[in-house]
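Undergrad: I'd like to ask some things about the structure below.
Each reported figure results from applying straightforward, stated rules to the coordinates on display, with no laboratory input. Predicted model only: the values in this text are computed from it and were never measured. Here the Cβ is made from the backbone with ideal geometry for all residues, glycine too, and neighbour counts use every protein chain on show.
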Amino acid sequence: IDKNTEVVIGMTARLDPIKDHQTLLLAFKNVLTHYPLARLWLIGDGILREQLEQLAHQLGISSNVAFWGNVEDVYSKLQQMDIFVYSTTPREGLGNALSEALACGLPCIVSDLPMMRELVGDLPAAVFFRPFCADDLSNKILTLLSSQQSLTALSGYAFERAVSAFNAHRYVQECMKFISSGE
């Protein structure tokens, strides 16, 4: 991707302490030094919105960051993204937003946490970064943006993972297994 092309990096998640939007904002500041037309879309709302908006302002990146709040058609926003980032904390539960991004075939960069590795599975369906490390996250974003081949491969693996792990048939099977086990 040309450095003078608008690129959209996004995250869909509640703006609350379980997530780690702060690391993403700090990483995005560095991304802007290499891709000045980049945009960061934060989809979701929550108690940290004002604090995160202030941080974007303090970092001098607020004109490149869109706080969308809650949107009705999340999938249309996901389909407009070039990279999906899921920056979260060890308190994270399942990470439904990540599974949705994988299903959209988005190249994903994810906090390297056990529950995220479980969700991504064995395929190279996402790139992992050290939790709370803005430098590592920005390096992973910049590396992906510099290789169309990597973006395309990651996209394919993401979709393949979603189809194999999150399809309706498998979901029903897993639910039936759980119910019959009596747990």
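Undergrad: Give me the tail of P(r) for the range 10-92 as a percent: Cα-Cα pairs with distance above 20 Å.
TA: 27
Undergrad: Also, I was wondering about something else. For Phe128, list long-range residues whose amide hydrogen, built 1.01 Å from N in the peptide plane, is under 5 Å from its own amide hydrogen.
TA: Val110
Undergrad: OK, next. Note the direction-averaged projected area, equal to a quarter of the hull surface, for the Cα convex hull of the chain, in nm².
TA: Averaging across all directions leaves 10.7 nm² for the Cα convex hull.
Undergrad: Right, something else. Work out from phi, with θ = phi - 60° and the Karplus expression 6.51 cos²θ - 1.76 cosθ + 1.60, the ³J(HN,Hα) of each residue of the range 77-83, listed in order in whole Hz, and give x for Gly and Pro.
TA: With coefficients 6.51, -1.76 and 1.60, one gets 5, 4, 5, 8, 7, 8, 9 Hz.
Undergrad: Another question, if that's okay. Mind listing the phi-derived Karplus ³J(HN,Hα) values for the range 86-102, rounded to whole Hz, using 6.51, -1.76 and 1.60 with θ = phi - 60°, and x for any glycine or proline?
TA: For the range 86-102, the Karplus curve yields 10, 9, 9, 10, x, 7, 4, x, 8, x, 4, 4, 5, 5, 5, 5, 4 Hz.
Undergrad: So, with +1 on the Cβ of K and R and -1 on the Cβ of D and E, and no other charges, what is the size of the charge dipole of the range 7-60 about its Cα centre, to the nearest 20 debye?
TA: For this selection, approximately 160 debye.
Undergrad: Whole-Hz Karplus ³J(HN,Hα) for the range 131-145, in order, using 6.51 cos²θ - 1.76 cosθ + 1.60 and θ = phi - 60°, x for Gly and Pro?
TA: x, 6, 10, 4, 5, 5, 4, 5, 4, 5, 4, 5, 4, 5, 5
Undergrad: Can you compute the helix-only [θ] at 222 nm over the chain? Use -39500 (n - 2.57) per DSSP H run of at least 4 residues, normalise by all residues, nearest 500 deg cm²/dmol.
TA: -15000 deg cm²/dmol
Undergrad: Here is a further query. Would you work out the charge dipole size for the range 1-139 about its Cα centre, treating the Cβ of every Lys and Arg as +1 and the Cβ of every Asp and Glu as -1, and quote it to the nearest 20 debye?
TA: 200
Undergrad: Based on DSSP, what percent of beta bridges with both residues in the chain are antiparallel, to the nearest 5?
TA: That works out to approximately 10 percent antiparallel.
Undergrad: Just going by the charge dipole of the range 1-106, with Lys and Arg at +1 and Asp and Glu at -1 on Cβ, which of Trp68, Met11, Gln80 is farthest out on the positive end?
TA: Met11
Undergrad: Please find, in a Gaussian network model of the chain (springs between Cα atoms separated by less than 10 Å), the residue of Ile18, Ile61, Ile47 whose mean-square fluctuation is greatest.
TA: Among Ile18, Ile61, Ile47, the largest mean-square fluctuation in the Gaussian network model of the chain belongs to Ile47.
Undergrad: Could I ask something else about it? Hey, can you grab everything whose amide H is under 5 Å from the amide H of Ala66? Only 5+ residues off in sequence or another chain; H modelled, so Pro and N-termini drop out.
TA: Leu40, Trp41, Leu42
Undergrad: Given a Förster distance of 22 Å, report the FRET efficiency between Ser62 and Phe132 from their Cβ-Cβ distance, rounded to the nearest 0.05.
TA: 0.50
Undergrad: With a/c under 1.5 counting as rounded, go ahead and sort the range 48-121 into rounded, prolate or oblate using the C-alpha gyration tensor (a ≥ b ≥ c being the square roots of the eigenvalues; past the cut-off, prolate if a/b is larger than b/c, else oblate).
TA: oblate
Undergrad: Translational D (Stokes-Einstein, µm²/s) of the range 77-154 at 10 °C and 1.306 mPa s when Rh comes from the Kirkwood sum over C-alpha pairs?
TA: 126
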